[in-house]
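Here's the structure we're looking at; comments come further down.
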Amino acid sequence: MSVQARDLAVEFAYRFGRAPTVSRAPGRVNLIGEHTDYNGGFVMPAALEFATLTAASQRSDRRLQVYSMIMDETREFDLDSPPPGPTGDWSDYIVGVALMLESSGRNLSGADLIVWSDVPIGAGLSSSAALEVSCAHALLTESGLPFDPIEIAQICQRAENDFVGMRCGVMDQYIACCGVAGHALLIDCRSLASRHVAIAPNLRLLIANSGVRHQHAGGEYNLRREACEEGVRLLSRYLGPIQALRDVTPQQLESKRRKLPELIYRRCRHIVTENARVLEAERALETGDFVACGRAMNASHLSMRDDFEITCPEVDMLAGLAQNVKGVYGSRMTGGGFGGCTISLIEEWAIDKTSQMLTDGYRIAMGRDVDIYVCAPSDGAQLIPV
Ligand code: GLA
């Protein structure tokens, strides 16, 4: 990591002629709790070792000049006459963050920035949140302003909701800001409180990237969110003043099943049962009952496949292959869906066998290659030494 930061600092000195600070924000994998965040519910993500680094140094004017090492492109903006809306460019995330920081009352200095990332893009591992949060951290640092993790997570979410146009919940930005090495976080997305959930030393999180790229903004993701809102609207006729599907128990939903269109009922069933599964998974991890945790993960995958309909044949195949390997407790798609990755909770001794089974099985069944990452949960946003 420090080598990457040093490389970035060298590139920065070459381009801008001075030494930068380097901010790091991680991608994430979600152990369980999918699409529950914008329903006021529970999620359990962990921060990854994959991260976005932003090298930055203050300018005397109010301009932002950003070079992406990944894209080999530079963009420039003036904080006093910012672009009116998104252009579909990678820089939308950075402009959105800068504008939302300013509209929260923070007065930013101009800055020169270089961004670099090894978070796989479009794989459901939150490359966008990592970019948003690392830039927010860099801009605040260069403006001499404090980084309040939970508030900054909400501001970065707002950048994505109101500027980029993706109605995501707060999970990705939250874990990018608040992640804790060696732990997942159980986040209550209504109160924004969280608890640390230790990942036992004998366990590993194995991520399998299907290579199917998802595209969220404006598409199926927002439609799922609308279906949940419709569910709340219909259910509140019978259940009283509920704010979100978080307020509905599986029993209550069953009792009103006939009042709901079939599709809305299934969308709601995913959310209310998923919330219960997150809490069950947390209990299971805390008590060392890894089998029960794995069972909740497998059930989560089925619920995403059949009720929420956000999986695809490739991730179904990867989850199914992993679930049959000895030493794998559970496996499910992770992230927003429509492609991306699976996460499997496995014993350390099962890494080689699982990787081999996934590689061979996926090639035979789907005719393509899977990328496998075995990861240890890392820390959230921070300055790193150069
Ligand atoms: C994306 C969104 C998150 C969350 C997940 C699904 O990653 O950014 O807010 O809704 O999908 O759990």
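Numbers for the structure displayed
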| item | result |
| --- | --- |
| Condition check for Ala217: modelled with pLDDT under 95 and either part of a helix (DSSP H, G or I) or in contact with a helix residue (DSSP H, G or I) (Cβ under 7 Å, 6 or more places away or on another chain) (or both) | yes |
| Subset of the stretch 115-160 [at pLDDT 95 or above, out of contact with any Ser or Thr (no Cβ under 7 Å at 6 or more places or on another chain) and among the aliphatic types (A, V, I, L, M)] | Leu125, Ala129, Val133, Ala136, Leu139, Leu140, Leu145, Ile150, Ile152, Ala153, Ala159 |
| Among (1) open to solvent by less than 10 Å² (accessible area, probe 1.4 Å); (2) away from the ligand (no atom under 16 Å from the Cβ) - the single one Lys353 does not satisfy | (1) |
| Selected residue (criterion: farthest from Ser103 (Cα to Cα)) from residues of the stretch 168-191 that are touching a residue at least 12 places away in the same chain (Cβ under 8 Å) and more than 13 Å from the chain's Cα centre (by Cα) | Gly182 |
| Odd one out for Gln243 among (1) surrounded by 14 or more Cβ atoms within 10 Å (Cβ to Cβ); (2) at pLDDT 95 or above; (3) part of a loop (DSSP other than H, G, I, E, B) | (1) |
| Filter pass, Thr74 being open to solvent by 70 Å² or more (accessible area, probe 1.4 Å) and more than 22 Å from Leu145 (Cβ to Cβ) | no |
| Counted residues, the stretch 289-317 - those being open to solvent by less than 40 Å² (accessible area, probe 1.4 Å) and not in a helix (DSSP H, G or I) | 5 |
| The stretch 329-341 residues that are over 16 Å from Val374 (Cα atoms) and near the ligand (Cβ under 8 Å from one of its atoms), paired with ones that are of a type in the set (Val, Ile, Thr) and part of a loop (DSSP other than H, G, I, E, B) (beta carbon under 9 Å, 6 or more apart) | Gly336/Ile310; Gly337/Ile310; Gly337/Thr311 |
| The stretch 322-350 - residue that is touching a helix residue (DSSP H, G or I) at 6+ places or on another chain (Cβ under 8 Å), assigned to a strand (DSSP E or B) and of a type in the set (Val, Ile, Thr) and, of those, surrounded by the fewest Cβ atoms within 10 Å (Cβ to Cβ) | Val328 |
| Residues located in the stretch 220-240, provided they are at pLDDT below 95 and either open to solvent by less than 60 Å² (accessible area, probe 1.4 Å) or away from the ligand (no atom under 16 Å from the Cβ) (or both) | Tyr221, Asn222, Gly240 |
| Strands (runs of 3 or more DSSP E) completely within the stretch 1-112 that count 1 or more residues being touching a helix residue (DSSP H, G or I) at 6+ places or on another chain (Cβ under 6 Å) and within 16 Å of the ligand (Cβ to nearest atom) | 21-30, 45-58 |
| In the stretch 113-157, the residues that are of a type in the set (Gly, Ala, Ser) and in a helix (DSSP H, G or I) | Ser127, Ser128, Ala129, Ala130, Ser134, Ala136, Ala138, Ala153 |
| Total residues in the stretch 263-288, condition open to solvent by 10 Å² or more (accessible area, probe 1.4 Å) and either in contact with an Asp or Glu (Cβ under 8 Å, 6 or more places away or on another chain) or not in a loop (DSSP other than H, G, I, E, B) (or both) | 16 |
| Any pair with Cβ under 7 angstrom, 6 or more apart, that starts in the stretch 28-41 at a residue that is under 15 Å from Gln173 (Cβ atoms) and ends at one that is of a type outside the set (A, V, I, L, M, F, W, C) and within 7 Å of the ligand (Cβ to nearest atom) | Arg28/Ser126; Arg28/Asp172; Asn30/Gly335; Asp37/Gly169; Tyr38/Gly169 |
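The values are calculated or read from the model by the stated rules, or taken from the named source; none is laboratory data. As the structure is a prediction and not an experimental result, all values here were calculated from the model. Glycine gets a Cβ as well: all are built from the backbone with ideal geometry, and neighbour counts include every protein chain shown. Note: accessible area is taken over every heavy atom of the protein model, side chains too, but ligands, DNA and RNA are not part of it. Shrake-Rupley method; radii C 1.70, N 1.55, O 1.52, S 1.80 Å.
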